[in-house]
Every structure is written in structure tokens, then in C-alpha cells.
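The values are calculated or read from the model by the stated rules, or taken from the named source; none is laboratory data. Given the structure is predicted, the values throughout are model-derived calculations rather than measurements. Virtual Cβ from ideal backbone geometry, glycine too; neighbours counted across all protein chains shown.
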Amino acid sequence: MRAIFRSSVPLLGLLLAAGISRAEQNILTVKVMDLKNNPVRGVSLALEEPGCVALGRSDDRGVLRIKLAPGINPQNWVTLELSSARYALLQPWDRRAQVPAWENEAVNYLRVFLMKKGDRKSLEIGKFAVQMAAQFNAKLMSQPKAEARSEAGVKEQREAVLAELSNHVELKPDEIDSAIRAYGGETSDPYEAGVIALYERNYAKATAELTRSYEMREQAMDKAQEEMIAVALSLGQSLYEQGNYREAAVKFQRADALKPDDAVILSWLGVSLDDSGRYVEAEPLLKRALEIREKTMGKDHPDTATSLNNLAGLYRAQGKYAEAEPFLKRALDIHEKALGKDHPLTATSLNNLAALYDSQGKYAEAEPLYKRALDIRVKTLGKDHPDTAESLNNLAELYNSQGMYVEAEPLYKRALDIQEKALGNDHPSAAITLNNLAGLYYAQGKYTEAEPLYKRTLAILEAALGPEHPNVATALENYADLLRKMNRVDEAAKLEARAKEIRAKAK
């Protein structure tokens, strides 16, 4: 078994719609507020969608109206356009909003929150801190696996994202950082605490708080649908980073149901299903995400390359090598041209293409690609990064497949040490390396050394991926082969029967 790290580009946004008064069909009624929930007068908002017409500026109540083009209906997504240079749009920060329903003659206002650029008083308001943390998380985690960095690189990347937010609101980066951290120590709201914990890289707290928030909002989803999207997406991200792919997929499915046809959500959901062994469900989602990105970003954009890698990874996992190869080559070409030959994403594409060749026994083609990926990752991410461990494991597996046991063993051990320190002893990535190291001992006839590693591999995968995951079947088969070599035939037969049952259900 071998892991291929794939990436998606998450997007986070919050919006809450509510209101009173008389509804008008085909009219979007917007209420413009500041961070203290006071109405903002004299602001002009429009929609980017053709045929929509703004009907004046916001009045003393902060209310303005926009006539919608034919075909734009409740629940459709639209893109807001703020013309005033004095204000920054904080919520929805990505300008995407859902048209509220027209029900029972009552107006469902679309609430929009602004702040005056450069207003340092905003730093004292909790809503500002939460929105800044949410925006930061979305931008920083745009490449959840392949964009990871060494500690020095992480610091540099965080500073760059803070600088971008700073320019948007015209406040200093360190002021924004201090405001976020200070409010994180004050708030008791689980969503706010969870988003800020995610900002602070405290994934355990983020998962706990966002789980509470998720459950609360699930009970009242009709009152906070868009906020539910943000919570489900954030919680799914946190669970995925911990290797809980099945639980992450459930949260991404909820986000997809609320906001269908979003490339970000489709990518997260598709990759989570792929990593859970649910290939048939994953394929149409990853195809649709690729289609959307090619159309919106262009065929040569790094985000398009991400989708190409995701889809190719799915095909490789199914043994569909002919379908995977052109996607991987195209992704590598995009990354080299758009980002450079020494970028971590280029290393990811190199690794994925090498893994494909390795799976086909094309060792001469795979080795230089694995080595180049490893060199890039050591230089850019550091020698103790999980992606570096992945490259070490993959290169070791290549040597193992060729009977080069002396070269392979120290690479496996180094990879395992990195993974256990960085990810934990029970992470699926560590299980993959344990399995491969056990296979090395098995190939050398060192059965006593191999058995405890196969046992531990099986226990980790069953706990993390579930008892019916294809990787669990592989671990069962590997352990059964070992037991037969040790003349423990009855034990082997039981494991083989379990593996056969898993394979049958997967078809």
C-alpha cells in the first residue's frame, strides 16, 4: 500500500438571512449592517449576475433592493458587488450569497456586514475576529495536504495570508492576529471558539468545538443554513486532517446538500470518499469539480491541476492506470509552468506520477521522479515533514519491490519515525509505512519481526478507516500470508475469509 496525498481548495463563508415586512417577488431585499448590528446608510450594492438591477442605496434602516434577472430564484447563489471604497465586506467575505425564500408575504432579508476600512475600533469586536479567522483558515488551507510547510514555511505562509487580509481591511497584521487570539480566549460560542482554534492549529479543540456547533445548528438548520455550510466544511476539514475520512465525508455531504455544485465542497467530499474506499461515489464528484475548475479557473490553473491529481489518484487506486497517466502528466506540466520546478505542489505531481509507474512495475521510470520529489520536499518542507515521510516510504517501497532490502529498510524506519511524531501513532499514514516495513521483513523471511507490525497495521486501519475499507482487506491478506508461512493455517483462513467478504462488498 502507498499513500498519495491529494489536495482540494476549501472555501469558507458565512451569511445569515432573516427578516420581516412585505415580500416582493423577484426582488432581493438586503439589510446592510456594521459590526455592531447598526444599519449602514447610503451604501450601494449590486450583483454581478447579468440582468440584475440595483434599485438605489441603503436607506436609514440599512435596507436596499435589487431586482433579480429572470431565472434567478430563491436558493440560487449570487455574487455581491460593493462599489464603496470606504468599506470592506466582511460577511459574506467571499461575496457569494444565497437568495432567501419568499414566504407568507414576509421579507427574508439578506444580511450583509461591512466595516470601515482602517477602523481600529473593529479590533475590539468579536464578529471581526471571527470573520478574520474564518477568512484566514480558508486561504491558508487552500491546499490542505500538498501546501503544508515546515515550521519556518508555515510561519512565512501565515504571514503572507495575514498581510492579504490586512490590505483588505487596512489594519496591521499583528493587530488582526492579536484580536483573533484575544477573542478566542473570551468567547463561549462553539463555532467562534472552533474557528479560532483552527486558526491557532489546535485541531483537537477545533474538532470538539465545531462538533458542538455542528450539532446545535443541525437542530435549527432552517434558521442558519449558510452558517451550517461553514460549520460542516470546517468540521470536515478538521476531521480529515486527523485521518477520520469517513466522518469527514459525512460532514462534507451535508455541506454539499446545502450548497450543491461547489467545486471546493465537491473536491473535499470526493477525496474523503476516495480515501474511505468508496470509489464509485467519489468519481462523479471529482469529475464535476474538475469540470467546474476548468470552466471558472482555466485549463492551466493550479486548482485545475489539483482536480486532475485527485481524479488520477482515484483511478490509480482502482488499477485504472491508462486513465490516470494523462491526468498526472497534465497536472505535472501545469504545476511546473505555473509554480516552478521546485514547488511542493510540483513534488506532489512528481510523486503521484512515480507511484503510477511503480504500480505498473516501471521502476526505472519511477525512481528519478520519487527522488526528485523527495529532494524538493526536504528543501521546501523540511526533513521531518509528513510529506517528506511519504516520499521516503514510497522510495523504500520501490527498492523493496526490487529486492533492494538494505537500501529500503532505513528509509521505512525514518518515514515511520517522522509520521509517528508528526501525525501520531494511530494515523493511517503511519499504518501504511508499518505495513510496508512488515512486508520487507516478510520478504526476507523475518517472520517474527513482521508479525507485530502487521497486527498493529490492522488495528490502526480498522479503527481509522472502518472494518470494511479496502486497505483493511489488504492488511488482512498480508497478515494471512505471513501466518501461512508460519504454519498457522487456521488463523490465516479466518483472516482470508474476512478479506474476501470485504472485497465482495466493495464490488
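Within the set of pairs 6 or more residues apart or between chains, which connect a residue that is farther than 16 Å from residue 129 by Cβ inside segment 148-168 to a residue that is modelled with pLDDT of 75 or more and of a type in the set (Asp, Glu) with Cβ atoms less than 7 Å apart?
So the pair list comes out as 148/387.
Among 346, 380, which is hydroxyl-bearing (Ser, Thr, Tyr), in contact with an Asp or Glu (Cβ under 8 Å, 6 or more places away or on another chain) and within 18 Å of residue 309 (Cα to Cα)? Talk me through it step by step, then tell me what you get.
Working: 380 fails: within 18 Å of residue 309 (Cα to Cα).
The match here is 346.
Yes/no per residue for (1) assigned to a strand (DSSP E or B); (2) modelled with pLDDT under 90; (3) closer than 28 Å to residue 258 by Cβ:
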{"position": "41", "(1), (2), (3)": "no, no, no"}
{"position": "49", "(1), (2), (3)": "no, no, yes"}
{"position": "57", "(1), (2), (3)": "no, no, no"}
{"position": "60", "(1), (2), (3)": "no, no, no"}
{"position": "66", "(1), (2), (3)": "yes, no, yes"}
{"position": "74", "(1), (2), (3)": "no, yes, yes"}
{"position": "78", "(1), (2), (3)": "yes, no, yes"}
{"position": "84", "(1), (2), (3)": "no, yes, no"}
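Counting just the residues of segment 385-419 that are among the acidic types (Asp, Glu) and modelled with pLDDT under 95, which one comes out nearest to residue 439 (Cα to Cα)? Please lay out each step first, then the result.
To start, the set of residues in segment 385-419 that are among the acidic types (Asp, Glu) comprises 387, 390, 397, 407, 409, 417.
Restricting the remaining residues to those that are modelled with pLDDT under 95 gives 387, 390, 397.
Details: 387: 21, 390: 17, 397: 9 Å.
Step by step, filter segment 385-419, then rank; the result is 397.
Quick check: is even one residue across segment 365-374 among the acidic types (Asp, Glu), in a helix (DSSP H, G or I) and modelled with pLDDT under 95? Even if it seems obvious, please write down each step before you answer.
First, pick out the residues of segment 365-374 that are among the acidic types (Asp, Glu): 365, 367.
In the following step, the residues that additionally are in a helix (DSSP H, G or I) were identified as 365, 367.
Subset that is modelled with pLDDT under 95: none.
Checked against the condition, which is being among the acidic types (Asp, Glu), in a helix (DSSP H, G or I) and modelled with pLDDT under 95, segment 365-374 yields no hits at all.
Is segment 408-420 home to any residue that is among the aromatic types (Phe, Trp, Tyr), in contact (Cβ under 8 Å) with a residue 40 or more places away in the chain and in contact with a helix residue (DSSP H, G or I) (Cβ under 6 Å, 6 or more places away or on another chain)? Break it down into steps so the answer makes sense when it comes.
If we filter segment 408-420 for residues that are among the aromatic types (Phe, Trp, Tyr), which is where we start, we get 412.
Those still in the list that are in contact (Cβ under 8 Å) with a residue 40 or more places away in the chain too: none.
Within segment 408-420, not a single residue is among the aromatic types (Phe, Trp, Tyr), in contact (Cβ under 8 Å) with a residue 40 or more places away in the chain and in contact with a helix residue (DSSP H, G or I) (Cβ under 6 Å, 6 or more places away or on another chain).
Please go through segment 224-278 and pick out each residue that is assigned to a loop (DSSP other than H, G, I, E, B) and either under 19 Å from residue 92 (Cβ atoms) or among the acidic types (Asp, Glu) (or both).
Restricting attention to segment 224-278, the residues satisfying the condition of being assigned to a loop (DSSP other than H, G, I, E, B) are 224, 242-244, 259-262, 276-278.
Within segment 224-278, 224, 259, 260, 261, 262 qualify.
Which of the following residues is crowded, with 18+ Cβ neighbours inside 10 Å and more than 25 Å from residue 404 (Cα to Cα): 450, 430, 464? Walk me through it before giving the result.
Values: 450 fails: more than 25 Å from residue 404 (Cα to Cα); 430 fails: more than 25 Å from residue 404 (Cα to Cα).
So the residue among 450, 430, 464 that is crowded, with 18+ Cβ neighbours inside 10 Å and more than 25 Å from residue 404 (Cα to Cα) is 464.
Quick one: count up the residues across segment 294-323 that are touching a residue at least 24 places away in the same chain (Cβ under 8 Å), among the charged types (D, E, K, R) and in a helix (DSSP H, G or I).
Matching residues across segment 294-323 total 2.
Out of 217, 246, report the one residue that is touching an Asp or Glu at 6+ places or on another chain (Cβ under 7 Å), modelled with pLDDT under 90 and either over 28 Å from residue 111 (Cβ atoms) or surrounded by fewer than 23 Cβ atoms within 10 Å (Cβ to Cβ) (or both).
Details: 246 fails: touching an Asp or Glu at 6+ places or on another chain (Cβ under 7 Å).
Step by step, each of 217, 246 is checked, and only 217 is touching an Asp or Glu at 6+ places or on another chain (Cβ under 7 Å), modelled with pLDDT under 90 and either over 28 Å from residue 111 (Cβ atoms) or surrounded by fewer than 23 Cβ atoms within 10 Å (Cβ to Cβ) (or both).
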